Amino acid sequence: MPINKSQTIAENPPSDARGAVKPAGFPTRMSGLIATLAGRFGLSSSLADLLRRYLRFGVVGGSGVAVDMAALFFLADPRTLHLDISLSKALAAEIAIFSNFVGNEFWTFADMSGTDLSWRGRAGRLGKFNLICLAGIGLSVLLLNVQTHYLQMNMLTFWR
């Protein structure tokens with residue numbers, strides 16, 4: 001049954017692209033919270049879906065920050081791999097970019113219609129996503145080098 005865009009999310013419980021009810025867990029609790037807020041404030045179903053996607057995007061981005069920091073620590077710390085700080089930051093950022101891509105591909109934007117779900121299609125999207133993030137990696141490595149070499153800030157002391 002097609003959803004009338006003027007109906008609220010409370011009248012249309014969260015479901016996946018096939019119309020199946022979403023499984024229990026964090027995504028369902030988040031959807032339940034959004035449904036409650038949407039019902040209380042009279043948000044339309046499309047606005048509630050946009051809010052849900054925005055929150056998912058934020059969760060994936062926040063997890064990417066955690067992955068980046070953990071990978072940087074593991075790669076650069078003298079007690080672990082002790083790689084060069086610039087190389088460590090570039091690799092940590094790449095690991096976080098891949099993590100964010102997977103989270104967004106399979107959770108945040110999983111219900112987008114018309115998306116090529118083949119491995120070739122996903123590899124193409126990963127390549128484009130990585131290319132877009134390349135400028136961010138360059139800026140991140142540059143700032144890290146300015147902080148460690150010119151400002152004499154030891155990044156590893158923050159983790160100890």
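The values are calculated or read from the model by the stated rules, or taken from the named source; none is laboratory data. Remember, it's a predicted structure, so these values are computed and weren't measured experimentally. Here the Cβ is made from the backbone with ideal geometry for all residues, glycine too, and neighbour counts use every protein chain on show. In case anyone asks, the SASA skips ligands and DNA or RNA and just uses the protein heavy atoms, side chains included. Shrake-Rupley method; radii C 1.70, N 1.55, O 1.52, S 1.80 Å.
Data table
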quantity	calculated
Residues being open to solvent by less than 70 Å² (accessible area, probe 1.4 Å) and assigned to a helix (DSSP H, G or I) - total across the stretch 38-72	24
Unmet requirement for Gly32, which otherwise passes all of (1) in a loop (DSSP other than H, G, I, E, B); (2) modelled with pLDDT of 55 or more; (3) small (Gly, Ala, Ser)	(1)
Those residues of the stretch 36-81 which are hydroxyl-bearing (Ser, Thr, Tyr) and either farther than 24 Å from Phe106 by Cβ or modelled with pLDDT of 95 or more (or both), in sequence order	Thr36, Ser44, Ser63, Thr80
Residue within the stretch 20-29 that is at pLDDT 75 or above and within 18 Å of the chain's Cα centre (by Cα) present	no
Yes/no for Ile132 being in a helix (DSSP H, G or I), at negative phi, at pLDDT 90 or above and under 13 Å from the mean Cα position of the chain (by Cα)	no
Cβ-Cβ under 6 Å pairs, at least 6 apart or on other chains, the stretch 60-76 side more than 12 Å from Lys89 (Cα to Cα), far side surrounded by fewer than 19 Cβ atoms within 10 Å (Cβ to Cβ) and of a type outside the set (Phe, Trp, Tyr)	Gly64/Ser99
Any hit, the stretch 141-156, residues being within 21 Å of the chain's Cα centre (by Cα) and not small (Gly, Ala, Ser)	yes
Condition met for Ser86 (touching a residue at least 24 places away in the same chain (Cβ under 8 Å), under 30 Å from Asn154 (Cα atoms), surrounded by 14 or more Cβ atoms within 10 Å (Cβ to Cβ) and polar (S, T, N, Q))	yes
Failed item, numbered, when Phe106 is tested on (1) closer than 30 Å to Leu33 by Cβ; (2) among the hydrophobic types (A, V, I, L, M, F, W, C); (3) surrounded by 13 or more Cβ atoms within 10 Å (Cβ to Cβ)	(3)
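Yes or no, residue by residue, for (1) in a helix (DSSP H, G or I); (2) at negative phi; (3) acidic (Asp, Glu):
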residue	(1), (2), (3)
Thr80	no, yes, no
Ser86	yes, yes, no
Phe98	yes, yes, no
Phe101	yes, yes, no
Phe106	yes, yes, no
Asp116	no, yes, yes
Val146	yes, yes, no
